[in-house]
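What follows is a set of notes on a single structure, which appears directly below.
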Protein chains: 2
Amino acid sequence: MAHRPQGRVADSDLSLVTEPIPDIANGEILVRNIYISIDPTNRLWMSDVDQFETPIAEAAPIRAMTFGEVLESRNAKFKAGDLVTGQGAWETHSVMARARLLPHEEGVDLAAHASVLGMPGLSAYFGFVEEGQPKAGETVVISAAAGAVGSVVGQIAKIKGCRAVGIAGGPEKCRRLIERYGFDRAVDYKSAQWEADLADACGDGIDVAFENVGGTLLDCVLRHINDRARIVLCGLIASYNDAGDWQGVTMLRNVLLRRARLQGFLIATYWPRLTEGRQQLKRWVDEGRLKWDVDVVDGIGQAPAALNRVFDGLSTGKQLVRLTDDPWAGEINNQ
Amino acid sequence: MAHRPQGRVADSDLSLVTEPIPDIANGEILVRNIYISIDPTNRLWMSDVDQFETPIAEAAPIRAMTFGEVLESRNAKFKAGDLVTGQGAWETHSVMARARLLPHEEGVDLAAHASVLGMPGLSAYFGFVEEGQPKAGETVVISAAAGAVGSVVGQIAKIKGCRAVGIAGGPEKCRRLIERYGFDRAVDYKSAQWEADLADACGDGIDVAFENVGGTLLDCVLRHINDRARIVLCGLIASYNDAGDWQGVTMLRNVLLRRARLQGFLIATYWPRLTEGRQQLKRWVDEGRLKWDVDVVDGIGQAPAALNRVFDGLSTGKQLVRLTDDPWAGEINNQ
């Protein structure tokens, strides 16, 4: 990071630097990154707002989850050739002190571990099921519904017997929500009458909202919540590019008057239950009840553009940057 | 209500009307009101915003909790002379189909049932204890802390072993928080450096916030919440007089990034546990651990001014309008 971005990330905010691959210390592994996970959180980490993790320091690499192959290990838990994930950076090789072995025996390609079986899928699962407490027959509204998290939330809502209403940008994504992910209704927030469309789609009101966006979109959702609604606040991507105050919300009135619960959610809470969550997601994938998609661009130089694709709503599925071939790709790929 | 108020209630928004006392039907009682409870909610009910209870219809009386004596009963549960509370109106006599007998044997004056043992005390008790889930050693911040609800929350916080920080307007109220109600710290939001004072008073941050106000004040509170904070949203009085959009909040970021919970709270949820709550509050009053105060003005014509006193922060204790002598007053009055 050459300097902290103001607004959207520009290529000029970053420098592409070539350095020798460092030696690793005792306990560490050297990982050749295959995929870099591109998440809205990357942009948040570039800001110096007070947040859960430390903001990225200026001149430091852009922190990111990466997925790759162990080249060299000085850690008894890993050996060369293992496929792992961990906190790396926008870089071809990462030195990690902690990583998680990716279980090849599950028979899905590496990209699945970066999406439906990784942070986005687990966020959808634990955020929706544990914090949202959905009951069969309830109406669930999901913003950024065509995204890596939202598309999984909608499908789990259907599995749990709920009505799933997705909010997404543009007719193509809305069609995808219905046809590929099985949402009951899709609302295009780019349409002039989208607020009326949302009211219509929600029918008797919203029982669970899975919120990824914030700002005026959240206000519209709050206008339609039912008594005792649960709003899982998983992201506020409308504001991650903002320098000053974040977009405000004026409809807290309904949180009060409908006795609703607005629950801030970070997946970090559920790391101890990762295996349980991944097994459940894997079962649903195997049963064909959970579709997942990745949007792959090639080359580390594409990382800033890939991040902007996420904010512009251009990604179709989990956004990844691929640095080299995925050794598991094509084995079982349910796309 | 002559017409729906715009902004603060003006005398001209209301008409004082004299009508014959109506006959009561089977199952009803006729109550001579002794106290009218003046609550921020009265103003909310005068608005036509979508809310928990139905807005007051134009030309209808101003709905309010009242406390009075049964003059005539066609309901087997009540007899003439009983003291009761129920949903009445800004009126000298109310016909009620449902009411609650006030238990004289508890040995406190009638005003106690309108304050510490009534809706304000019960809101403080259930809102703070059940929704706030305070733990000993935690820091609790209370807005409108010198009010009928806030002053009780602060005292319960101390009983539960928490640090109690109160936000109130002006040095006199702040002194009252410390000296009469035993808060650890009091922050005067009318002071120019109040945000710095709040940060200082909160020490290591806020674990539980009991929020009655909303708007910029809530934003300041949210700036200082800790990971896993619970914010009990009990009122948004900063906006009850507003005609259009309510005051916005920009710091939802911290609800997300601190995994906080913003929980809308209405006392209606806890009516089934009223007796339990009142018994606990009564025990604390008897033990001298819970001080309570009422601010009484006389005469039904004072009701609109009394409501504005609440919004202007001029009430010292629960605001009541007294219509006639309190038959229990002075028996035990812990003021």
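Every number here is computed from the coordinates shown, using simple stated rules; none is lab data. Keep in mind the model is a prediction, meaning the values are calculated, not measured. Here the Cβ is made from the backbone with ideal geometry for all residues, glycine too, and neighbour counts use every protein chain on show.
Figures for the structure shown
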{"item": "Cross-link table B:LYS158/B:LYS282; B:LYS190/B:LYS318; A:LYS135/B:LYS135; B:LYS79/B:LYS291; B:LYS158/B:LYS318, entries beyond 26 Å C-alpha to C-alpha", "result": "A:LYS135/B:LYS135; B:LYS79/B:LYS291"}
{"item": "Candidates per trypsin sites (Lys or Arg not before Pro) in the range A:89-165, loop by DSSP, up to 13 other Cβ within 10 Å", "result": "A:ARG98, A:LYS135"}
{"item": "Relative contact order [Cα under 8 Å, 6+ residues apart], the range B:119-268, whole percent", "result": "23"}
{"item": "Percent of C-alpha pairs per 10 Å bin, the range B:119-268, short to long", "result": "13, 46, 36, 5, 0"}
{"item": "Under 9 Å, Cβ to Cβ, from A:MET1 - net charge with Lys/Arg +1 and Asp/Glu -1", "result": "-1"}
{"item": "Estimated dipole of chain A in Debye, rounded to 20 [Cβ of Lys and Arg +1, of Asp and Glu -1, Cα centre]", "result": "1000"}
{"item": "Inter-chain shielding of B:261-268 (mean C-beta neighbours from other protein chains, 10 Å cut-off)", "result": "6"}
{"item": "Cα pair count fraction exceeding 37 Å, expressed as % - the protein assembly as shown", "result": "45"}
{"item": "B:ALA136-A:PHE52 pseudo-label distance in nm [points 7 Å out on the Cα-to-Cβ vector]", "result": "3.1"}
{"item": "Rough spin-label spacing in nm, given labels placed 7 Å along Cα→Cβ, for A:GLU179 and A:ASP11", "result": "3.4"}
{"item": "Net charge of Cβ neighbours under 13 Å - reference A:LEU233; Lys, Arg +1; Asp, Glu -1", "result": "+4"}
{"item": "Taking the range B:38-120 and dividing mean pair separation by its residue count, relative contact order in percent (alpha carbons under 8 Å, at least six apart)", "result": "20"}
{"item": "Cβ-based exposure ranking for A:CYS220, A:CYS234, A:CYS162, in which fewest neighbours within 10 Å come first", "result": "A:CYS220, A:CYS162, A:CYS234"}
{"item": "Mean projected area in nm² (Cα convex hull; one quarter of hull surface) for the range B:210-259", "result": "3.2"}
{"item": "Taking A:THR66, A:THR54, A:THR18, A:THR139 and counting other C-beta atoms within 10 Å, the order from fewest to most", "result": "A:THR18, A:THR54, A:THR139, A:THR66"}
{"item": "Nonlocal amide H pairs with B:ASP295, under 5 Å, H built at 1.01 Å", "result": "B:LYS318, B:GLN319, B:LEU320"}
{"item": "For the range B:77-155, average projected area of the Cα convex hull in nm²", "result": "7.3"}
{"item": "Residue among B:LYS291, B:LYS79, B:LYS173 with the largest mean-square fluctuation in a Gaussian network model of chain B, springs linking Cα atoms under 10 Å", "result": "B:LYS79"}
{"item": "DSSP loop GluC sites (Glu not before Pro) with at most 14 other Cβ within 10 Å excluded, longest remaining stretch of chain A", "result": "A:59-286"}
{"item": "Neighbour-count ranking [beta-carbon atoms within 10 angstrom, fewest first] of B:LYS77, B:LYS318", "result": "B:LYS77, B:LYS318"}
{"item": "Dipole in debye (nearest 20) - the range A:119-268, about Cα centre, beta carbon charges: Lys, Arg +1; Asp, Glu -1", "result": "340"}
{"item": "Dipole in debye (nearest 20) - the protein assembly as shown, about Cα centre, beta carbon charges: Lys, Arg +1; Asp, Glu -1", "result": "1120"}
{"item": "Radius 12 Å from Cβ of B:PHE265, net charge of other residues (Lys, Arg +1; Asp, Glu -1)", "result": "+3"}
{"item": "Modelled FRET efficiency - R0 35 Å, B:ASP23 with B:ALA2, Cβ distances, 0.05 increments", "result": "0.85"}
{"item": "Cα-based convex hull, chain A, per residue volume (Å³, whole number)", "result": "130"}
{"item": "Over chain A: helical MRE at 222 nm, DSSP H runs n ≥ 4 each giving -39500 (n - 2.57), nearest 500", "result": "-7000 deg cm²/dmol"}
